[in-house]
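Let me begin by presenting the structure, written as structure tokens, before commenting on it.
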Amino acid sequence: MAMGSPVDLPEDVEAAKALLHRVSLADFVAERDALARRLREADRKVDAAAVKQLRKPSRPAWVLDAAVFADTGAIEQVAAAV
């Protein structure tokens, strides 16, 4: 999932995290780096640095994020099962 043009830039770092946690785990680093580069090009250097520092999530964390994005009630179901 390529994140598009500067028009599609997230409003802030939290929105950037939400975007990045929707890409495949295998693409996370490449997408993070591309987003950081686009933020720098848009003269948002502070946001770019914060995005660049985001670490690739662990597989379990990524799976939980994917479940939440697919079904917002999923996290409650998982918590209830545990």
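The values are calculated or read from the model by the stated rules, or taken from the named source; none is laboratory data. The structure displayed is predicted, hence computed values, not measured ones. Ideal geometry is used to build each Cβ from the backbone, glycine not excepted, and the neighbour counts take in all protein chains shown.
Among residues of the stretch 14-39 being free of Cβ contacts under 8 Å to residues at least 40 places away in the same chain and charged (D, E, K, R), the one that is surrounded by the fewest Cβ atoms within 10 Å (Cβ to Cβ) is 14. Note on the stretch 46-82: among residues that are over 19 Å from residue 29 (Cβ atoms), of a type outside the set (S, T, N, Q) and not in a helix (DSSP H, G or I), the one that is modelled with the highest pLDDT is 82.
Taking the stretch 10-30 on its own, how many of its residues are assigned to a helix (DSSP H, G or I) and under 23 Å from residue 43 (Cα atoms)? Reasoning before the result, please.
Our first condition is that a residue be assigned to a helix (DSSP H, G or I); within the stretch 10-30, this holds for 13-20, 25-30.
With the extra rule that they be under 23 Å from residue 43 (Cα atoms), the set shrinks to 13-20, 28-30.
So the answer is 11.
I'd like the full set of residues that are touching a residue at least 24 places away in the same chain (Cβ under 8 Å) and under 14 Å from the mean Cα position of the chain (by Cα), limited to the stretch 40-55. 47, 50, 51, 54 - these are the residues of the stretch 40-55 that are touching a residue at least 24 places away in the same chain (Cβ under 8 Å) and under 14 Å from the mean Cα position of the chain (by Cα). Considering 47, 65, 43, 27, the condition of being among the acidic types (Asp, Glu) and in contact with a Leu (Cβ under 6 Å, 6 or more places away or on another chain) is satisfied by 47 alone.
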